[in-house]
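Quick notes on the structure that follows.
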Amino acid sequence: MRTQFSFQFCTTHYYQEVTTLKTSYLGVFTISLYALWTGASFAEQENPPEVINYAVILSDPKIVAALVAATVTIFVNVIGKLFLDRRLEAIKADLKEKGDVNSAKIQYELEEKKRLYHSIGHLRFQLLLSARDVALHVTSFGAGLRQYPTTTKNYYGQSTLYKFLRPIALCELIERQVAVADFSVDVDSIELLRFKQSIYKCFSSGDPILHHPDANWLEQEQHVFYNSLTRIANSLLIEDSNGTRSPMSFHQFVEFLENEESHNNLSPLPEFLEDFSIEEKPLLWLRFVFFGYLCSELVNEKGARIGFEHVEYPLEALIRKVDDQFTLDKVANFTEMFKSIRGAGL
């Protein structure tokens with residue numbers, strides 16, 4: 001849009017300049033005609049001589065001045081015409097160059113958007129589905145609607161872990177497409193990268209928990225080391241016969257969990273869920289609440305236009321589930337921090 005505006009502005013500016021030159025040319029030409037008319041005024045005498053004595057005429061200073069002015073004016077007109085023609089050619093060449101650049105930019109962006117949509121269009125939709133599942137799952141757990149153990153040895157624990165991991169794995173796949181497509185041509189695609197960055201901060205940074213004094217940063221008790229999230233996300237990805245990578249399905253994930261090595265690849269998330277409760281792991285709960293908030297905002301912002309139902313996410317009520325004075329005194333600070341992290345740049 002900005003390029004188009006600049007192009008139109010330059011075009012208007014150049015044509016105004018050409019119009020000015022043409023006006024100046026006509027003005028000078030008019031002066032020259034007036035000068036010739038002044039020099040010929042002797043013809044208006046009542047009794048003009050039968051034979052024109054040019055020596056007498058040229059001896060009149062007024063006539064000489066008029067002829068000199070006319071000669072100079074005609075010379076200026078000729079030079080001005082040449083200058084105007086060259087200026088017009090330069091303007092045409094400049095406009096053509098700008099038009100070519102503008103057309104090339106439009107063509108480039110069109111091709112990149114096609115490549116981008118082909119690469120991540122299906123991943124974008126899957127991410128919205130999985131984000132909705134996370135938001136609803138956290139809301140349900142906070143409301144006490146699911147009073148089941150979250151150990152990965154039973155279905156509810158396996159389902160919880162899978163729902164939490166799937167959006168992270170999809171974000172990892174989306175970010176990989178940066179190498180094959182230019183994300184800068186599409187604002188929504190950049191938002192997906194920001195979403196991934198917020199998720200990583202959600203589980204690894206001290207900001208979402210307002211640097212709670214009870215946090216232990218030496219061990220992965222209620223947080224995940226930043227680079228561990230990349231390992232965990234990649235553990236969920238599988239490759240088909242065509243070399244295309246995608247998150248494994250739930251039944252594949254259940255089979256995957258039967259292998260002890262798989263637990264090591266996903267660590268420490270399976271351990272987090274083995275004995276999880278809001279009372280026992282309040283800081284981890286705050287991270288889950290923030291995760292659900294990020295997911296609900298993504299669905300409500302990007303999913304509404306393609307038919308997703310609005311997700312009601314009781315953010316403050318979920319934060320207040322933590323029976324801790326530090327947390328209860330800073331509920332408003334938590335919500336502001338969550339919004340700040342979500343709106344941060346890349």
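The values are calculated or read from the model by the stated rules, or taken from the named source; none is laboratory data. Every value quoted in this text rests on a predicted model; they were computed, and no experiment measured them. Note: ideal-geometry Cβ built from the backbone for every residue, glycine included; neighbour counts use all protein chains shown. In case anyone asks, the SASA skips ligands and DNA or RNA and just uses the protein heavy atoms, side chains included. Shrake-Rupley method; radii C 1.70, N 1.55, O 1.52, S 1.80 Å.
Assuming V289 fulfils every condition listed in (1) under 33 Å from the mean Cα position of the chain (by Cα); (2) within 20 Å of D214 (Cβ to Cβ); (3) of a type outside the set (F, W, Y); (4) open to solvent by 60 Å² or more (accessible area, probe 1.4 Å) apart from one, which condition is it?
Condition not satisfied by V289: (4).
Name the residue that is modelled with the lowest pLDDT, counting only residues in the stretch 223-258 that are touching an Asp or Glu at 6+ places or on another chain (Cβ under 9 Å) and open to solvent by 40 Å² or more (accessible area, probe 1.4 Å).
R245
Condition (residue is of a type in the set (S, T, N, Q), in a helix (DSSP H, G or I), surrounded by 17 or more Cβ atoms within 10 Å (Cβ to Cβ) and at pLDDT 95 or above) applied to the stretch 170-191: is it met by at least one residue?
No, that holds for no residue.
Here is a check on your reading of the model: is S241 assigned to a loop (DSSP other than H, G, I, E, B), on the phi < 0 side of the Ramachandran plot and of a type outside the set (D, E)?
For S241, the condition - assigned to a loop (DSSP other than H, G, I, E, B), on the phi < 0 side of the Ramachandran plot and of a type outside the set (D, E) - is met.
Taking the conditions exactly as written (among the aliphatic types (A, V, I, L, M) and either without any contact (Cβ under 8 Å) to a residue 40 or more places away in the chain or closer than 26 Å to K321 by Cα (or both)), does L210 satisfy them or not?
So L210 passes the test.
Please state which one of I319, I278, I238 is of a type outside the set (K, R), out of contact with any strand residue (DSSP E or B) (no Cβ under 6 Å at 6 or more places or on another chain) and free of Cβ contacts under 8 Å to residues at least 24 places away in the same chain.
Exactly one residue qualifies, and that residue is I238.
Conditions tested, residue by residue: (1) farther than 17 Å from E221 by Cα; (2) in contact with a helix residue (DSSP H, G or I) (Cβ under 9 Å, 6 or more places away or on another chain); (3) touching a residue at least 60 places away in the same chain (Cβ under 8 Å).
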residue: F250; (1), (2), (3): yes, yes, yes
residue: E261; (1), (2), (3): yes, no, no
residue: L286; (1), (2), (3): no, yes, yes
residue: L298; (1), (2), (3): yes, yes, yes
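Suppose we keep only residues that are of a type outside the set (A, V, I, L, M, F, W, C) and open to solvent by less than 20 Å² (accessible area, probe 1.4 Å) within the stretch 259-276. Which one would you say is modelled with the lowest pLDDT?
S262
For the stretch 102-148, which residues satisfy the criterion of being outside any helix (DSSP H, G or I) and modelled with pLDDT under 90?
G144, L145, R146, Q147, Y148 - these are the residues of the stretch 102-148 that are outside any helix (DSSP H, G or I) and modelled with pLDDT under 90.
State which residue pairs qualify: first residue in contact (Cβ under 8 Å) with a residue 60 or more places away in the chain and at negative phi and inside the stretch 184-204, second residue outside any helix (DSSP H, G or I) and surrounded by 22 or more Cβ atoms within 10 Å (Cβ to Cβ) in any location, beta carbons under 7 Å apart, and separation of 6 or more residues or different chains.
That search, which allows pairs on different chains as well, returns K201/P208; C202/P208; F203/H223.
Among the residues of the stretch 289-331, which ones are in a helix (DSSP H, G or I) and among the aliphatic types (A, V, I, L, M)? Walk me through it before giving the result.
Kept after step one, since they are in a helix (DSSP H, G or I), are these residues of the stretch 289-331: 289-306, 315-319, 325-328, 331.
Matches in the stretch 289-331: V289, L294, L298, V299, A304, I306, L315, A317, L318, I319, L328, V331.
Please verify whether F203 is farther than 22 Å from P270 by Cβ, aromatic (F, W, Y) and part of a helix (DSSP H, G or I), treating the condition exactly as stated.
no
Which of the following residues is within 20 Å of I341 (Cα to Cα), charged (D, E, K, R) and open to solvent by 50 Å² or more (accessible area, probe 1.4 Å): K163, K201?
K201
Please specify each residue of the stretch 111-123 satisfying the condition of being under 16 Å from M248 (Cα atoms) and either surrounded by 19 or more Cβ atoms within 10 Å (Cβ to Cβ) or touching a helix residue (DSSP H, G or I) at 6+ places or on another chain (Cβ under 7 Å) (or both).
L123
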